[in-house]
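FYI, it's all coordinate maths here, none of it is from the lab. On a predicted model such as this, the values are computed, not experimentally measured, just so you know. Please note: Cβ atoms are built from the backbone with ideal geometry, for glycine as well, and neighbour counts cover all protein chains shown.
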Amino acid sequence: MSHRALEIERDIANIKKAVAEMGQMVAESLRGSVKALTERNNDLAYRVIFRDRLIDLKELELESLCVEFVATRQPAASDVRFIYATSKINNELERIGDYTESIARHALQLNETEAFKEYVDLPKMAAEAEGMLLDALQAFAAGDDHLAQQTLHRDEIVDHLQDDIYREMLALSGKKPIAGDLQRILSILIITNKIERIADQVCNICEEVIYLATGQQIKHEAKRKPNVLFLCIGNSVRSQMAEAYLRAFAEGEFEAVSAGTHPTPLHPLTLKVMQEEGIDISHQRSKSLNSIDLMDVQIVITLCDEAAQECPSLPFKTNLFHWSIPDPVSAVGSEKEKLQAFRATRDLVKEKIREFIQAYENTAIS
C-alpha cells in the first residue's frame, strides 16, 4: 500500500472515530434526558443540557476533519461519497443532540410539579430510539447496509408507542383537569414528539449508510401510497361516492376505503347516479368503522357533522379533514326530485375529490 493510501486510510479511520464518539455522546444525552424525567433527577437534566455544548464542539471538529480531508487528499469518487455521507450524518447527530437538550429542559419543568403519572411507554419509546441510534452507528462503522435497512423498519415501533402515549394523554385531557395537568400533558406530548423526531433523524442516518455502502439514494424513492378513509354515518351514499371517485381520479396515488359509524346497505340511487358517471360501484359494500384498522390509515375525511362528532381519537400522525356534505337520503318529493338530490351530492363529492387530489399533487410537485 502506498504512503498516500495509508494516509487516506488513517484519515478515514479518524473520521469514523469522531463519528462514533459524537454518536455515543448523543446516545448518552438521550438516555440521560429521559432518565432525568422518569427518576425526577434534575442533576442529570442539567448535565444533558450542558453536554449539548460539547456535542456542538464535536460537530465542528468532525466538520473540520471532513473539510481537511477533501482539501488535502484529492479523494477518489468513493471517498467523496464517504465524506458527503459523513457530513450529513454529522448534521443529524447534532440535531438529535438539540432534541435531547429540549427533552431535558421539559424534564426540569415537569420535575418541579407533583408527580403526574408513572411513565411506561415513554421510556420504552426512548429506549427503542436509542437502540436504533446505536445500530445506525454500528452500521456506519461497518458499512453494513443490511443492518441500516433493518433499523429503518424499527421506526414503526416508535410511531406506535407515540400513538399509544397520544391516546393516553388525550383521554387524560378529557377528564376534569386538576390545576397544571394540561401543561404537564402538553410537555409530555412535546417530549414524545422530540423522541419521534430523533427516530426520524436516525432513519436519515441509515439512509446515508445505505447510500455509502451501495450508492443507492433511497430518500426520494416512492413511499407507500397514503391510505384514505372516508367516513360518514351510513356508508351508503357520500363516503361510497368519495371512495369510488378517489380510485377513479387518482390513478393509483392513494389507497381508498370508506366506512360508516352506523352502516346501512348501499343506497340504490347511489349506484344509479354513479353509473351515470360511468363508474360501477356495485362491488362496493357498506362497512363498519370498527372493521377498519386506523393504524393503517394516514388520512381520514368525515363527510357529515355526525360522523365528525363520533370519529374516535386517531393516531398522532393521521390527518383529519371534514367536508360537510348534505345527505340526499333525507330529500323529499318525487322520485325525480330525489334523484336530483343524489346527483347534487354526487357532483359536490366529485368537486371535493378533485380539489383534494389537485392540492396533493401540487404539494408533491413543490
Inset, instruction - Calculate the dipole size of the chain relative to its Cα centre from +1 charges on Lys and Arg beta carbons and -1 charges on Asp and Glu beta carbons; express the result in debye to the nearest 20. - result: 520
Inset, instruction - Using amide H atoms built 1.01 Å from N in the peptide plane, name the residues 5+ places from SER258, or on other chains, whose amide H lies under 5 Å from its own. - result: PHE230
Legend entry - Packing-based ranking, highest mean first, of 146-154, 314-322 given that Cβ atoms within 10 Å are counted: 146-154, 314-322
Inset, instruction - Specify whether the C-alpha gyration tensor of the chain places it in the rounded, prolate or oblate class, a ≥ b ≥ c being the square roots of the eigenvalues: rounded for a/c under 1.5, otherwise prolate if a/b is larger than b/c and oblate if not. - result: oblate
Legend entry - Phi-based couplings in Hz for the stretch 284-292 (Karplus 6.51, -1.76, 1.60; Gly and Pro marked x): 7, 10, 5, 10, 7, 4, 5, 8, 9
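Could you pull out the GluC sites (Glu not before Pro) across the stretch 269-366 that fall in loop regions by DSSP (anything but H, G, I, E, B) with no more than 16 other Cβ atoms inside 10 Å?
When the GluC sites (Glu not before Pro) of the stretch 269-366 are filtered for loop state and at most 16 Cβ neighbours within 10 Å, GLU277 remain.
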Legend entry - Across LYS287/LYS352; LYS272/LYS350; LYS88/LYS124, pairs whose alpha-carbon gap is larger than 19 Å: LYS287/LYS352; LYS88/LYS124
Inset, instruction - Could you tell me how many degrees, from 0 to 90 and to the nearest 10, lie between the Cα long axis of helix 155-174 and the main elongation axis, the longest principal axis, of the Cα atoms of the chain? - result: 60
Legend entry - Positive-end residue of PHE316, ILE191, ALA139, charge dipole of the chain with Cβ unit charges: PHE316
Inset, instruction - Report, in whole Å, the centroid distance computed from the Cα atoms of the stretch 108-137 and the stretch 228-247. - result: 40
Inset, instruction - Find the centroid of the Cα atoms in the stretch 20-45 and in the stretch 90-106, then give the distance between the two in whole Å. - result: 10
Inset, instruction - Using only Cα atoms, find the angle between the long axis of helix 181-214 and the longest principal axis of the chain, and express it within 0 to 90 degrees, rounded to the nearest 10. - result: 70
Inset, instruction - Evaluate the charge dipole of the stretch 49-119 about its Cα centre and quote only its size in Debye, nearest 20, assuming +1 on the Cβ of each Lys and Arg and -1 on the Cβ of each Asp and Glu. - result: 240
Inset, instruction - Treating only the Cβ atoms of Lys and Arg (+1) and Asp and Glu (-1) as charged, compute the dipole magnitude of the stretch 3-214 about its Cα centre; round to the nearest 20 debye. - result: 400
Legend entry - Convex hull (Cα only) mean projected area of the stretch 1-95, reported in nm² to one decimal: 6.5
